[in-house]
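S.K.: Would you mind keeping the following structure in view while I ask a few things?
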Amino acid sequence: MLLRMLAIMALVYGVTACQGESNQDAANIAAAKAGYDAFAVGDMEAWAKTQSPEVKWAMPEGFPYGGNYVGADEVIEKVFAPIGELWPDFKVEPVAFHAAGNVVFIETKMTTGGQVSDSIHKAVIENGQYVEFQVFDDAGFMMSHAVGGGSGAQIGTQFFEDGSSKPLFAGNSANAQIWVDYIQAHNDRDFEQIAAMNADGFSGITAQGEVVEGSAAQTAFLQNWVAAEKPQWQVWWVIANDGENAEGAMEEWLATGTVVTNTSADGTQTKSYETIDVLLEDGKIKMLNVASQRMPQ
């Protein structure tokens, strides 16, 4: 994505070099700069005035606040607030503005955790206000220097087959509710809801090592289990965590502990303790990896 943006900016440079800066370009750059100036001094009231009422912000995946937001208030609450927790020293310094029509590309330097990285931002300006804003920050680099005590603080280490390791970070605590709702759908036997909460390409690995590919196969698996043992699930704990995979892409995970109570045909109940690693993708369940141990009776 960053390479694509660099290519677009190279084209912008060529166009603006030939045409020069128009009065409208200068006005759009001034409007874009006003947003950075207000943010730099922490004046959120002034910053909000630089945004249109329905401004749309797109933040990269790999951050706890990755996703799309509408309106200044939502951006302040769901983007700026966690940024302050992740990096108390956070600073964004625009170093160049390049206008192409009502689109302004901004070259920036980001200070996070005492480190500096380069980034490109894209602002769409209409009537002197931001109507769209998209950033292309280096999520892996920035998250590796998160120092705040909230989401994004380093909480552990993950290890890979080649012996290398990478830090694990506290994830978005709101993701825990995804798992709570998913388990409730199991207890409600709402197989349509379970399937709706699965991401495309869903897969699961059972405690017996069986690989279940796709929501239809999962539904069949669960229906057979329900008919035989009437399972009920109880969530004990959920830990949201984020980390880079072996290819360097940030992923969102949940580590969970769940108790399953099975009831046989004669009414005998047995309980098992399951630890389940859950991979999330765009707020949905992408993969489950289940380990189970029978609990003492």
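The values are calculated or read from the model by the stated rules, or taken from the named source; none is laboratory data. Everything numeric in this text was worked out from a predicted model, so none of it was measured. Virtual Cβ from ideal backbone geometry, glycine too; neighbours counted across all protein chains shown.
S.K.: Name every residue in region 230-283 that is among the acidic types (D, E) and on the phi > 0 side of the Ramachandran plot, in order of residue number.
M.R.: Within region 230-283, just D282 meets the criteria.
S.K.: Now a separate question. Residues of region 53-77 being crowded, with 17+ Cβ neighbours inside 10 Å and outside any loop (DSSP other than H, G, I, E, B), which ones?
M.R.: V55, K56, W57, M59, F63, Y69, A72, V75
S.K.: For region 257-274, does any single residue satisfy the condition of being touching a residue at least 24 places away in the same chain (Cβ under 8 Å), of a type in the set (S, T, N, Q) and closer than 30 Å to F141 by Cα?
M.R.: No, the conditions are met nowhere in region 257-274.
S.K.: Farther than 28 Å from S165 by Cβ and among the hydrophobic types (A, V, I, L, M, F, W, C): which single residue out of V238, V212 fits that description?
M.R.: Sole residue among the options that is farther than 28 Å from S165 by Cβ and among the hydrophobic types (A, V, I, L, M, F, W, C): V212.
S.K.: Would you mind telling me which numbered condition in (1) surrounded by 15 or more Cβ atoms within 10 Å (Cβ to Cβ); (2) within 30 Å of S264 (Cβ to Cβ) A240 fails?
M.R.: Tallying (1) surrounded by 15 or more Cβ atoms within 10 Å (Cβ to Cβ); (2) within 30 Å of S264 (Cβ to Cβ), A240 fails exactly one: (2).
S.K.: Filtering region 256-271 down to residues that are under 19 Å from V180 (Cβ atoms) and surrounded by fewer than 17 Cβ atoms within 10 Å (Cβ to Cβ), which residue is farthest from the chain's Cα centre (by Cα)?
M.R.: T261
S.K.: Taking region 241-267 only, how many residues are at pLDDT below 95, more than 30 Å from P167 (Cα to Cα) and among the polar types (S, T, N, Q)?
M.R.: Final tally of qualifying residues: 1.
S.K.: Just checking, does region 144-166 include any residue being buried (at least 16 other Cβ atoms within 10 Å of the Cβ), modelled with pLDDT of 85 or more and farther than 19 Å from L280 by Cα?
M.R.: No, there is no match, as no residue in region 144-166 is buried (at least 16 other Cβ atoms within 10 Å of the Cβ), modelled with pLDDT of 85 or more and farther than 19 Å from L280 by Cα.
S.K.: Right, next: For the subset of region 40-52 comprising residues that are crowded, with 17+ Cβ neighbours inside 10 Å and without any contact (Cβ under 8 Å) to a residue 60 or more places away in the chain, which member is nearest to T108 (Cα to Cα)?
M.R.: Among those that are crowded, with 17+ Cβ neighbours inside 10 Å and without any contact (Cβ under 8 Å) to a residue 60 or more places away in the chain, it is W47.
S.K.: F202: surrounded by 20 or more Cβ atoms within 10 Å (Cβ to Cβ) and at pLDDT below 95, yes or no?
M.R.: Considered against the rule, which asks whether it is surrounded by 20 or more Cβ atoms within 10 Å (Cβ to Cβ) and at pLDDT below 95, F202 comes out as no.
S.K.: Sticking with this one: Please go through region 120-143 and give me each residue that is among the small types (G, A, S) and at pLDDT 95 or above, ordered by number.
M.R.: Of everything in region 120-143, those that are among the small types (G, A, S) and at pLDDT 95 or above turn out to be A123, G128.
S.K.: Show the residue pairs that are 6+ apart or on different chains and have beta-carbon atoms under 9 Å apart, the first residue being within region 106-120 and within 11 Å of D138 (Cβ to Cβ), the second being outside any strand (DSSP E or B) and polar (S, T, N, Q).
M.R.: Here the result reads Q115/S144, each pair linking region 106-120 to a residue that is outside any strand (DSSP E or B) and polar (S, T, N, Q).
S.K.: Can you list the strands (runs of 3 or more DSSP E) found entirely within region 131-211 that contain at least 3 residues being under 14 Å from G243 (Cβ atoms) and in contact with a Leu (Cβ under 6 Å, 6 or more places away or on another chain)?
M.R.: 154-159
S.K.: Right, something else. Within region 224-242, does at least one residue satisfy the condition of being farther than 27 Å from M295 by Cβ and either touching a residue at least 24 places away in the same chain (Cβ under 8 Å) or not in a strand (DSSP E or B) (or both)?
M.R.: Yes, region 224-242 has at least one match.
S.K.: Let me ask another. Would you pick out the residues in region 243-256 that are closer than 30 Å to Q269 by Cβ and either of a type in the set (S, T, N, Q) or in contact (Cβ under 8 Å) with a residue 60 or more places away in the chain (or both)?
M.R.: L254, T256
S.K.: Additional query: Cβ-Cβ below 8 Å, separation at least six or inter-chain, first residue in region 79-102 and outside the structural domain of F133 (by TED's automatic domain parsing), second in a loop (DSSP other than H, G, I, E, B) and of a type outside the set (G, A, S): which pairs?
M.R.: none
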